[in-house]
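Participant: This structure is in C-alpha cells; I'll ask about it shortly.
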Amino acid sequence: MGSLREIENRIKSTKKTSQITRAMQMVSASKLNRAEVNAKRFVPYMDKIEEVVDAISASTDVAHPMLVSRPVKKTAYIVITSDSGLAGAYNSNVLRAVSNAITTRHNSKDDVVIFPIGRFGAEFFEKRGFSIIDKVIGLSDHPSFAEIKEIAQKAVGMFTDSTYDELYMYYSHYISAISHEVTEKKVLPLTDIAQDAATSSYEFEPSGEAILEVLLPQYAESLIYGALLDSKASEHASRMTAMKSATDNAGDLIDSLTLQFNRARQAAITQEITEIIGGVAALE
C-alpha cells in the first residue's frame, strides 16, 4: 500500500484524466450527430444515381469497360481508416480484414496496390512494403467530396486504363452508435449493375452511351465518398464509446483509490492513537 500522499496524487491525476476523457466523449458525440446526418443525406443521391445507371445499362448494348469483368492480374484496395487514435478497435478491425483478404487472394505484394485514406492505413501498408499509388491524410471530421476527389478520380481512372483489373474498398459501416461492422465493397467493375439492370423507361439525350461515359465514373467516385461518410460516423461513434469506457474505468479506479486512501488514513490514525496511549501509559 502506498503512502497517503502517493494515493492522493493518483486520485488527483485520475480525476484530471477522467475530465479529459469525458470532454472527448462529449465532443465525439456532437461530431457523431452531424456525421450521421451527413451519411443519411447522401443515401437518396446514391439511390437515384444508381437507378439512372441501372436504367441506362438496361436500355443500351454498349459494353462499357467499367461494367465488364476481365481476367484479374492486379487488384487495388481503397482502405479507409482514421488519422487519429483513441477510437478503440476501429482501425485495427479494418486493417485486419483487408490484410486477411490480401493474404487469401494474392501470392505476391506485386499483385496489389493500395489507396489508403487515413494515416493509420497509410502507415500500416507503408511499413509492410505495399505499393501505395496515392493517399489522403488529414481529412476534416466532416469531409467534403473535394477532399477526396483527386484520389477517387485516380482510383477510377486507373481501372479504366487497365492499370489494375478490380477495385475493392474496405471501411467500417455505421449501424448505430454502439454497432458498426467492417465492410468489403467491390467498387469496380460494376458487375452488380450490369446483372441487375432496371427496366424503367427513360429517354436519353444525347445518348445512353454518352451519358454512361460521364455518369459511371461519377457513380464509382460517389461510392467511395459515401463509404467515407459512413466510415466517419463509425469513427466518431467508436471514439465516443472508447472515451465513455475510459471515463467509467477512471471512475472505478477513483473509487478504489479513495477506499484505499481511507483505509490507509484510518490505519495511520489508529497507529497514532496507539502510540499516544502507549506514551501516556509509560508516564504513569
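The values are calculated or read from the model by the stated rules, or taken from the named source; none is laboratory data. The shown structure was predicted, so the numbers you read here are calculated from the model rather than taken from an experiment. Please note: Cβ atoms are built from the backbone with ideal geometry, for glycine as well, and neighbour counts cover all protein chains shown.
Participant: Give the number of residues within the stretch 93-136 that are more than 22 Å from TYR225 (Cα to Cα) and in a loop (DSSP other than H, G, I, E, B).
Facilitator: Qualifying residue count, the stretch 93-136: 6.
Participant: Here's a follow-up. When residues of the stretch 97-140 are filtered for being surrounded by fewer than 17 Cβ atoms within 10 Å (Cβ to Cβ), touching a residue at least 40 places away in the same chain (Cβ under 8 Å) and within 30 Å of VAL37 (Cα to Cα), how many remain?
Facilitator: Residues in the stretch 97-140 being surrounded by fewer than 17 Cβ atoms within 10 Å (Cβ to Cβ), touching a residue at least 40 places away in the same chain (Cβ under 8 Å) and within 30 Å of VAL37 (Cα to Cα): 2 in total.
Participant: When residues of the stretch 18-51 are filtered for being of a type in the set (Lys, Arg) and within 19 Å of PRO143 (Cβ to Cβ), how many remain?
Facilitator: Initially, the stretch 18-51 is screened for residues of a type in the set (Lys, Arg), giving 22, 31, 34, 40-41, 48.
Filter again for within 19 Å of PRO143 (Cβ to Cβ), leaving 31, 34, 40-41.
Count: 4.
Participant: Being among the small types (Gly, Ala, Ser) and outside any helix (DSSP H, G or I) is the filter; apply it to the stretch 1-40 and report the residue that is modelled with the lowest pLDDT.
Facilitator: So the first thing to find is which residues in the stretch 1-40 are among the small types (Gly, Ala, Ser), and the list is 2-3, 13, 18, 23, 28-30, 35, 39.
Okay, now just the ones that are also outside any helix (DSSP H, G or I), so 2-3.
Details: GLY2: 58, SER3: 80.
Checking each candidate, the answer is GLY2.
Participant: Also, I was wondering about something else. If you go through the stretch 154-195 one residue at a time, how many are among the aromatic types (Phe, Trp, Tyr) and farther than 16 Å from PRO217 by Cβ?
Facilitator: Of the stretch 154-195, the ones among the aromatic types (Phe, Trp, Tyr) are 159, 164, 168, 170-171, 174.
Applying the additional criterion that residues be farther than 16 Å from PRO217 by Cβ yields 168, 170-171, 174.
Looking only at that region, the number is 4.
Participant: Is it the case that some residue within the stretch 40-49 is assigned by TED's automatic domain parsing to the domain that holds GLY118 and buried (at least 19 other Cβ atoms within 10 Å of the Cβ)?
Facilitator: The answer is no, given that none of the residues of the stretch 40-49 is assigned by TED's automatic domain parsing to the domain that holds GLY118 and buried (at least 19 other Cβ atoms within 10 Å of the Cβ).
Participant: A further question follows. Six or more apart or on different chains, Cβ atoms under 8 Å: show the pairs whose first residue is in the stretch 174-192 and over 19 Å from ILE80 (Cα atoms) and whose second is of a type in the set (Phe, Trp, Tyr) and modelled with pLDDT of 90 or more.
Facilitator: Taking only residues 6 or more apart or on different chains, the pairs are PRO189/PHE159.
Participant: Among the residues of the stretch 50-72 satisfying the criterion of being surrounded by 19 or more Cβ atoms within 10 Å (Cβ to Cβ) and either aromatic (Phe, Trp, Tyr) or within 14 Å of VAL187 (Cβ to Cβ) (or both), which is modelled with the lowest pLDDT?
Facilitator: Looking at residues that are surrounded by 19 or more Cβ atoms within 10 Å (Cβ to Cβ) and either aromatic (Phe, Trp, Tyr) or within 14 Å of VAL187 (Cβ to Cβ) (or both), I get VAL53.
Participant: Here is a list of conditions, (1) surrounded by 13 or more Cβ atoms within 10 Å (Cβ to Cβ); (2) modelled with pLDDT under 90; (3) among the acidic types (Asp, Glu), and ASP83 meets all of them except one; can you say which number that is?
Facilitator: For ASP83, the failing item is (2).
Participant: Between a residue in the stretch 263-277 that is hydrophobic (A, V, I, L, M, F, W, C) and any residue that is not in a helix (DSSP H, G or I), which pairs come within a Cβ distance under 9 Å, given they are 6 or more apart or on different chains?
Facilitator: Short answer, once both residue conditions are applied: ALA264/MET1; ALA264/GLY2; ALA264/SER3; ALA267/MET1.
Participant: Regarding GLU221, is this residue surrounded by fewer than 20 Cβ atoms within 10 Å (Cβ to Cβ), at pLDDT 75 or above and assigned to a helix (DSSP H, G or I)? Show your work before the answer.
Facilitator: Values: surrounded by fewer than 20 Cβ atoms within 10 Å (Cβ to Cβ): no; at pLDDT 75 or above: yes; assigned to a helix (DSSP H, G or I): yes.
No.
Participant: I want to confirm something. Restricting to the stretch 86-96 and keeping residues that are surrounded by 18 or more Cβ atoms within 10 Å (Cβ to Cβ) and without any contact (Cβ under 8 Å) to a residue 60 or more places away in the chain, which single residue is nearest to TYR170 (Cα to Cα)?
Facilitator: So the residue we want is LEU95.
Participant: Any idea which residue in the stretch 141-168 is nearest to the chain's Cα centre (by Cα), counting only those that are surrounded by 18 or more Cβ atoms within 10 Å (Cβ to Cβ) and over 17 Å from THR81 (Cβ atoms)?
Facilitator: For the stretch 141-168, the residue satisfying everything is LEU167.
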